[in-house]
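Structure record follows, encoded as structure tokens.
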Amino acid sequence: MVSRPALFVLLVGAIILAAGCVSQQASTTTTTPRDRDEPEVSEVDKHYYLAAEYLRNDMYGEATREFRSVLELDPNYQKAYTNLGFIYLKQGRLAESIEMYMKAAELAPNDAAAHASLAWAYMANGDFTKAIGSYESAIALEPDNPDNHINIGSAFEKQGRLPESIEAYRKAVELDPTNLTNVLTLGNILYENELYVDAISVYEHALTLSPEEFSVIKTLGFLFLKTENYERSVEFYSKAVELRPEDGNLRYWLAASLDKIGRTSESITHMEKAVELNPTNKDLYWLMGDLYNKSKRYNDAIATARRGLELDSSCAGCFCAWGKALEKMERYEEAITKFEQAVACNDPAWRDYAIKEVERQRTLIERARLIKEQQELEEE
């Protein structure tokens with residue numbers, strides 16, 4: 001997960017501000033008094049304003065030259081270091097960027113943005129331990145800035161420190177609960193680490209901020225399916241299908257959710273549409289065959305399994321769906337053949353199941369034989 005480079009915006013904003021108000025960073029050098037009607041601008045500030053203009057226009061070489069001229073005249077001009085750090089970072093000159101940002105933070109130890117900028121350079125350089133240290137300094141100075149919490153959360157995540165990362169993301173959301181990007185950052189890490197119940201709460205919050213956000217709606221459908229709240233899963237997958245009716249994967253997940261609550265007829269409708277939209281997906285054929293079997297549409301199940309095997313002759317799931325249909329039709333010998341074909345596919349997902357089904361068919365054959373013998377005895 002990549003954290004947002006919000007501090008870049010802050011840096012550019014600082015440049016613009018400085019260009020409009022010299023007092024934000026006045027040079028320490030002395031100048032000769034000018035006429036009363038003319039504003040007093042030092043030589044060093046002239047270079048700074050010119051550098052700022054170059055930077056606004058992405059002219060990094062020219063900006064670098066002018067910022068360097070600023071530092072030749074005034075080695076303590078903090079914003080020049082900050083902006084050189086930004087330029088070097090953009091150019092991938094990470095060691096030089098870190099050097100500039102370190103100097104900026106040294107000159108302004110109480111400037112939270114300076115520490116945050118240094119942290120971002122460390123992040124870009126892959127030094128997450130130092131990045132965390134600099135973000136902690138920024139947070140100590142400016143604890144209510146959500147950007148620092150979201151970024152330190154990213155650094156924790158890079159180190160695999162999940163609890164600290166989640167806590168940092170939560171703090172960012174607490175500080176700015178209307179920031180959808182931060183809310184989704186928290187939701188995503190919970191989702192990715194299978195903390196589904198917590199993730200549901202966060203994504204529901206996201207939905208209050210953006211009620212038609214497709215990714216949130218779809219994710220909630222999946223989360224409710226994983227937590228076995230199938231009614232809610234149907235609710236959200238139905239909404240997702242309304243938004244994107246030609247998405248075959250959504251049709252499949254909606255069908256799966258409907259099947260879980262016994263609405264098999266509706267499930268079949270959506271699974272058939274999923275097959276129509278993704279006709280080359282072999283797995284959809286055995287899934288649809290399974291639904292047909294549940295609805296006692298055994299001939300349809302067999303026809304669907306055939307179609308799947310035309311796509312992939314080693315589709316063990318299709319052989320199993322076919323075999324199950326034959327079993328329900330009490331054609332046990334034929335069912336054995338299909339389950340044996342499934343075993344021969346050597347698919348780890350199906351092999352053990354198919355072997356058990358072969359034995360089950362033999363048991364059913366024996367059971368049918370005993371029942372027939374009993375009936376014959378009773379008729380005598």
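Computed from the coordinates by the stated procedures, all read-outs in this text should not be read as laboratory data. If you're wondering where the values come from, they're calculated on a predicted model, not measured in any experiment. Using ideal geometry, Cβ is built from the backbone for each residue, glycine included, and neighbour counts are taken over all protein chains shown.
Below 8 Å, C-alpha to C-alpha, sequence gap of six or more: please give me the relative contact order for the range 141-203 in percent.
26
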Take the Cβ-Cβ distance between THR269 and GLU235 as r, set R0 to 25 Å, and report the resulting FRET efficiency rounded to the nearest 0.05.
0.90
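Let me know the Kirkwood hydrodynamic radius for the range 81-126, please, with Cα pairs as the basis and the value in Å to one decimal. If you can, show how the numbers build up before the last one.
Numbers: mean 1/r = 0.1019 Å⁻¹.
Over the range 81-126, the inverse of the mean reciprocal pair distance is 9.8 Å.
Taking the convex hull of the Cα atoms, report for the range 210-332 its projected area averaged over all directions, in nm².
7.6
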For Kirkwood radius over Cα pairs in Å, calculated from these coordinates, the label among [x] 26.2; [y] 21.4; [z] 24.3
[x]
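Could you tally the net charge around ILE189, taking each other residue with its Cβ under 13 Å from the Cβ of ILE189, Lys/Arg +1 and Asp/Glu -1? Please list the in-between numbers first.
Working: positive: LYS158, ARG161, ARG170; negative: GLU157, GLU164, GLU167, GLU192, GLU194, ASP198.
Around ILE189, the charge tally is -3.
How much net charge surrounds LEU223 when only other residues with a Cβ under 13 Å from its Cβ are counted (Lys, Arg +1; Asp, Glu -1)? Please report the intermediate quantities before stating the final value.
Working: positive: LYS218, LYS226, ARG232; negative: GLU192, GLU194, ASP198, GLU204, GLU228, GLU235.
Net charge around LEU223: -3.
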Positive end of the charge dipole of the range 66-165 (Lys, Arg +1 and Asp, Glu -1 on Cβ, about the Cα centre): tell me which of LEU94, SER69, TYR135 has its Cα farthest that way.
LEU94
Assigning unit charges at the beta carbon (Lys, Arg +1; Asp, Glu -1) and nothing else, what dipole magnitude in debye, to the nearest 20, does the chain show about its Cα centre?
580
For LYS324, which lysines qualify as cross-link partners when the Cα separation must be under 21 Å and same-chain residues fewer than eight apart are set aside?
LYS260, LYS282, LYS294, LYS296, LYS338, LYS356
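Working out 0.36 nm times the residue gap between ARG244 and ARG306, then minus their Cα-Cα distance, what length gain in nm do you get to one decimal?
Numbers: separation 62, 0.36 × 62 = 22.32 nm, distance 2.95 nm.
Using 0.36 nm per residue and subtracting the Cα-Cα distance, I get 19.4 nm.
Scaled to the compact-protein estimate 2.2 N^0.38 Å, what is the alpha-carbon radius of gyration of the range 86-184, rounded to two decimal places?
1.05
So what is the orientation-averaged projected area of the range 263-380, using the convex hull of its C-alpha atoms, in nm²? Don't jump to the answer; show the numbers that get you there.
Working: hull surface 32.2 nm².
Result: a mean projected hull area of 8.0 nm².
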Could you give the length gained on full extension between GLN159 and GLU359, defined as 0.36 nm per residue of separation minus the Cα-Cα distance, in nm?
66.9 nm
With the 8 Å Cα cutoff and a minimum separation of six or more residues, the range 247-380 has a relative contact order in percent of 15
If each part is reduced to its alpha-carbon centroid, the range 74-88 and the range 138-217 end up apart, in Å, by 32
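Taking 8 Å as the Cα distance limit and 6 or more residues as the minimum spacing, I'd like the relative contact order of the chain as a percentage. Mind showing how you got there, number by number?
Values: 495 pairs, mean separation 23.4, N = 380.
The normalised contact order for the chain reaches 6 percent.
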Expected unfolding gain across ASP176-ALA349 under the 0.36 nm per residue rule, minus the alpha-carbon gap, is 57.7 nm
One finds, for MET329 and TYR196 with R0 = 35 angstrom and r their Cβ-Cβ distance, a FRET efficiency to the nearest 0.05 of 0.30
Tell me what the chain gives for mean residue ellipticity at 222 nm when only DSSP H runs of n ≥ 4 count, each as -39,500 (n - 2.57), the sum divided by the residue total, rounded to 500 deg cm²/dmol.
-24500 deg cm²/dmol
I'd like the distance between the alpha-carbon centres of the range 268-300 and the range 327-350, rounded to an integer number of Å.
18
